[in-house]
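Below: one structure, written as structure tokens.
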Amino acid sequence: MKIAILKERRPHETRVAATPETVKKLKALGAEEIVIEAGAGLAAAYTDEAYAEAGANIVPDAAAAVAAADVVFKIQRPMSAAEGIDEMALLRSGQTLMSPLGALNNKELVQALASKGVTSFALELIPRITRAQSMDILSSQANLAGYKAVLLAANNFGRIFPQMMTPGGTLAPARAFIMGVGVAGLQAIATARRLGAIVTATDVRPATKEQVQSLGAKFVAVEDEEFKAAETSGGYAKEMSAEYRAKQAALVAEHIAKQDIVVTTALIPGRKAPVLVTEDMVKTMKPGSVIVDMAVEQGGNCPLSEFGKVVEKYGVKIVGPANLPGELATDSSALFARNLLNFITPMVDKETKALKIDLTDEVVKGTLVTQGGQIVHPSLSQT
């Protein structure tokens, strides 16, 4: 089995899909060769020399890396000719691609992979089961993103977070409101608390109330009967009724007017991000307040946010970060690479050291998108 790691070419991407640590472990697992495109890890502070010392072969370009590979690891889905760089053209029939694909939203890409005869795994579809926690790229990257979002808020805020008593008088603590209490939201709560803010948080899933309180924050939500059933079996938030959304919006509108910092994290898999902070809500916020919209790439939780920009509207700074994990490239790459190592390990045959895909395995069934020239994932195969 030969594995290739490419330099990521999408804008704002600084991460890499393997580190010297995981190269060593992949070699120990039985990989015959690890081929890394020159410069693939430089933006994440991993040098070609470090990879070579770990046992990888450094090749000059992506074409050379993919040509030598049975398996290709990527941080981002392959680019097409229409996007400016044709990474898809490098892939060939019989190869295996392990990467986030945004498969539910990028059906043309999935069809193209099937047509080329590429076996592809969409890592964003890893099931939320205990055994797969160590493989879960969404959680590992969201954890770092939640931390960085609060630091961005602090950098754009004209005041300090903690209460500070000085000879010149007392400075009041900032008030931070975290909207969406998944992995990113929980880390945002913890980070804002560590920085000294008074933190509140909201989510439509009832199980999050205890989590929020355990971190020392106050929970804010309309807790009616619909709220009590607002979580899928996979642990994601359900889309709520118009009636509930109206009640929740009224509560949030009242609460948000008193906040200094708002961090929004709400995403629905395969769907446009829900609007949580309306333009009218922004108008009520205090001058100098900051919103960090972590969902900006999927349309945004605030309609005023702009991808990759900091804009000021009605005296409020609205941050639309392009790639939060990419701003912590060394650590986010390390976690992603370990997730990938844990993902591939059960698929490597102990005797032959070749990739052996068990179609009865729950993780394989959840992530395998194309195989044998066909789209095989149940959520995509009939569409």
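The values are calculated or read from the model by the stated rules, or taken from the named source; none is laboratory data. All values derive from a computational prediction rather than experimental measurement. All Cβ positions, even for glycine, are placed from backbone atoms using ideal geometry, and neighbour counts span all protein chains on display. Surface areas here come from the heavy atoms of the whole protein model, side chains and all, with no ligands, DNA or RNA. Shrake-Rupley method; radii C 1.70, N 1.55, O 1.52, S 1.80 Å.
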| Could you say whether any residue in segment 47-63 is at pLDDT below 95, surrounded by fewer than 16 Cβ atoms within 10 Å (Cβ to Cβ) and touching a Lys or Arg at 6+ places or on another chain (Cβ under 8 Å)? | no
| request: For segment 25-124, please list each of the helices (runs of 4 or more DSSP H) lying entirely inside it that holds at least 3 residues being closer than 30 Å to Pro269 by Cα. | output: 107-116
| field | Criterion violated by Ile5 - all others in (1) over 26 Å from the mean Cα position of the chain (by Cα); (2) at pLDDT 95 or above; (3) open to solvent by less than 40 Å² (accessible area, probe 1.4 Å) satisfied | value | (1)
| said: Which count do you get for residues in segment 162-179 that are within 14 Å of Val262 (Cβ to Cβ) and open to solvent by 10 Å² or more (accessible area, probe 1.4 Å)? | reply: 1
| field | Some residue of segment 179-196 being among the hydroxyl-bearing types (Ser, Thr, Tyr), within 23 Å of Thr330 (Cβ to Cβ) and out of contact with any His (no Cβ under 6 Å at 6 or more places or on another chain) | value | yes
| note | Considering segment 73-94, residues that are surrounded by 20 or more Cβ atoms within 10 Å (Cβ to Cβ) and not hydrophobic (A, V, I, L, M, F, W, C), and then whichever is nearest to Leu355 (Cα to Cα), we arrive at Lys74
| task | Taking Ala188 as the residue in question, decide whether it is closer than 17 Å to Asn301 by Cα, modelled with pLDDT of 95 or more and of a type in the set (Gly, Ala, Ser). | result | yes
| Counting just the residues of segment 93-108 that are at pLDDT 95 or above and not small (Gly, Ala, Ser), which one comes out nearest to Asp136 (Cα to Cα)? | Pro100
| query | Looking at Val290, Val311, Val316, which is the one that is aliphatic (A, V, I, L, M) and in contact (Cβ under 8 Å) with a residue 60 or more places away in the chain? | reply | Val290
| field | Among (1) in a helix (DSSP H, G or I); (2) within 15 Å of the chain's Cα centre (by Cα); (3) buried (at least 19 other Cβ atoms within 10 Å of the Cβ) - the single one Gln133 does not satisfy | value | (3)
| field | strands (runs of 3 or more DSSP E) within segment 245-335 that include 2 or more residues basic (Lys, Arg) | value | 309-313
| In segment 174-183, is there at least one residue being touching a Phe, Trp or Tyr at 6+ places or on another chain (Cβ under 8 Å), at pLDDT 95 or above and assigned to a strand (DSSP E or B)? | yes
| request: Name every residue in segment 95-130 that is touching a helix residue (DSSP H, G or I) at 6+ places or on another chain (Cβ under 9 Å), open to solvent by 60 Å² or more (accessible area, probe 1.4 Å) and farther than 30 Å from Thr191 by Cβ, in order of residue number. | output: Lys116
| said: Any residue that is in contact with a Gly (Cβ under 6 Å, 6 or more places away or on another chain) and of a type in the set (Phe, Trp, Tyr) - is there at least one of those in segment 143-153? | reply: no
| field | Residue satisfying all of: in segment 192-226; in a helix (DSSP H, G or I) and open to solvent by 70 Å² or more (accessible area, probe 1.4 Å); modelled with the lowest pLDDT among these | value | Glu225
| request: Would you check which residues across segment 341-383 are under 14 Å from Ile126 (Cα atoms), in contact with a helix residue (DSSP H, G or I) (Cβ under 7 Å, 6 or more places away or on another chain) and assigned to a helix (DSSP H, G or I) and list them? | output: Leu341, Asn342, Phe343, Val363, Gly366, Thr367
| Which residues, counting only those in segment 141-177, are in contact with a Lys or Arg (Cβ under 8 Å, 6 or more places away or on another chain) and of a type in the set (Gly, Ala, Ser)? | Ala174
| Are any of the residues in segment 347-356 closer than 26 Å to Gly270 by Cβ, touching a residue at least 12 places away in the same chain (Cβ under 8 Å) and surrounded by 13 or more Cβ atoms within 10 Å (Cβ to Cβ)? | yes
| field | Count - residues of segment 327-338 that are open to solvent by 10 Å² or more (accessible area, probe 1.4 Å) and not aliphatic (A, V, I, L, M) | value | 4
